[in-house]
1. Could you give me the residue pairs with C-beta distances under 9 Å whose first residue belongs to segment 78-105 and is touching a residue at least 12 places away in the same chain (Cβ under 8 Å), whose second residue is within 13 Å of the ligand (Cβ to nearest atom) and acidic (Asp, Glu) wherever it lies, and which are 6+ apart or on separate chains?
2. Among the residues of segment 155-194, what is the count of those that are within 10 Å of the ligand (Cβ to nearest atom) and β-branched (Val, Ile, Thr)?
3. How many residues are more than 6 Å from the ligand (Cβ to nearest atom), assigned to a loop (DSSP other than H, G, I, E, B) and either of a type in the set (Gly, Ala, Ser) or in contact with a His (Cβ under 9 Å, 6 or more places away or on another chain) (or both) when one looks only at segment 207-227?
4. Would you list the helices (runs of 4 or more DSSP H) that sit entirely within segment 1-47 and hold 2 or more residues that are open to solvent by 80 Å² or more (accessible area, probe 1.4 Å) and at pLDDT below 80?
5. Provide a single number: the residues in segment 48-65 that are part of a strand (DSSP E or B), of a type outside the set (Gly, Ala, Ser) and at pLDDT 95 or above.
6. Restrict the check to segment 203-219 and report whether at least one residue is modelled with pLDDT of 95 or more and exposed (fewer than 13 other Cβ atoms within 10 Å of the Cβ).
Amino acid sequence: KERLMKARQRSESTPSTPLIQHRLWPEIKQVSEEQLRYALLGVEEGVWTLFAQEGEMRMYKREEEVDGMVCDPLKAVHTIRGVTAHEITHYFFHPDYRMDWEFTVDNMTVLERVSEDCIVFHQIHKRVWPATQRDSLYWSHIRQVHPPPDEGLHDSWIVCNQSTEHPEAPTSGKWLRVNLTVCMVAQTQIVPPPPEGELITRDNLQCKIIYCSVVNPGGWAPASVLRAVYKREYPRFLKRFTQYVIDQCQDKPILF
Ligand code: 16C
């Protein structure tokens, strides 16, 4: 128990000073906290419809349109073994790994490195025929969740991505700008706990993942194409991404 407490304390993090002083901080704080609450709400019956399921992974949608454009909110839950919440969110957040697992993107640029826990990205997404190609511009923030999680959970982390504006990437006539709000919440569980006096290994790690997204395509696209694309692409993404993290981590020391 004492070792678990120490590992937890080592991984404690608060927002970095450069981030707290940044113009975006009030919005980042508010959106991240709101997204965390939303992610933890679960998937209430009658509200969410299951559209994909494979092993432990479940994906739910809510059909919604804004000005005639499909903006279906999506919520996915998954449980994987052998990695921590910090590892999952680290690989989701960090630009160095983005193009290893993100197959819907043609090009990614870091517009601003606000701090070690916040980056502003510009991405050009793959074109979906017959629609116009899309780009996205968003801040991305990683943080450990405080206060410490419930009993049974070792620690929790969140990455929150939210559309924003930036002088270096104004909207162009070339792409349609999507509007996105995305969050990935990950929670480490130590199951089964190691025998008394033994260290935690990857065999004792389980990670619960909640992924939420709302994407407004930012301009006309056929509803049928859009729904067909996301039903195929979101499960692909979550399977590919989680396998990528498992592969990356297996021979590395555990990052709590
Ligand atoms: O969360 C994910 N990735 C993060 C890092 O990249 C970040 C990005 C979110 C992108 C949101 C979707 C933007 C849609 C652009 C067009 C999609 C191209 C698909 C190409 C297929 C060959 O938070 C993981 C994101 C996983 C995305 C799955 C695809 C969702 C499709 C949404 C439908 C909008 C299409 C609009 C154009 C017809």
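1. Here the result reads Tyr91/Asp100; Phe103/Glu233; Thr104/Glu233, each pair linking segment 78-105 to a residue that is within 13 Å of the ligand (Cβ to nearest atom) and acidic (Asp, Glu).
2. Total meeting the criteria: 4.
3. 2
4. 2-10
5. 10
6. Yes, the conditions are met somewhere in segment 203-219.
Table: residues versus (1) crowded, with 18+ Cβ neighbours inside 10 Å; (2) of a type outside the set (Ser, Thr, Tyr); (3) farther than 25 Å from Lys29 by Cβ; (4) within 9 Å of the ligand (Cβ to nearest atom).
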| position | (1), (2), (3), (4) |
| --- | --- |
| Glu116 | no, yes, no, no |
| Gln123 | yes, yes, no, yes |
| Arg127 | no, yes, yes, yes |
| Thr132 | no, no, yes, yes |
| Asp135 | yes, yes, yes, yes |
| Tyr138 | yes, no, no, yes |
| His141 | yes, yes, no, no |
| His146 | no, yes, no, no |
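Per-residue answers, yes or no, for (1) in contact (Cβ under 8 Å) with a residue 12 or more places away in the chain; (2) within 18 Å of the chain's Cα centre (by Cα):
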| position | (1), (2) |
| --- | --- |
| Pro167 | no, no |
| Leu180 | yes, yes |
| Cys212 | yes, yes |
| Pro217 | yes, no |
| Leu226 | yes, no |
| Val229 | yes, no |
| Pro235 | yes, yes |
| Gln248 | yes, yes |
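The values are calculated or read from the model by the stated rules, or taken from the named source; none is laboratory data. The shown structure was predicted, so the numbers you read here are calculated from the model rather than taken from an experiment. Cβ: placed from backbone, ideal geometry, glycine included. Neighbour counts: every protein chain shown. Surface areas here come from the heavy atoms of the whole protein model, side chains and all, with no ligands, DNA or RNA. Shrake-Rupley method; radii C 1.70, N 1.55, O 1.52, S 1.80 Å.
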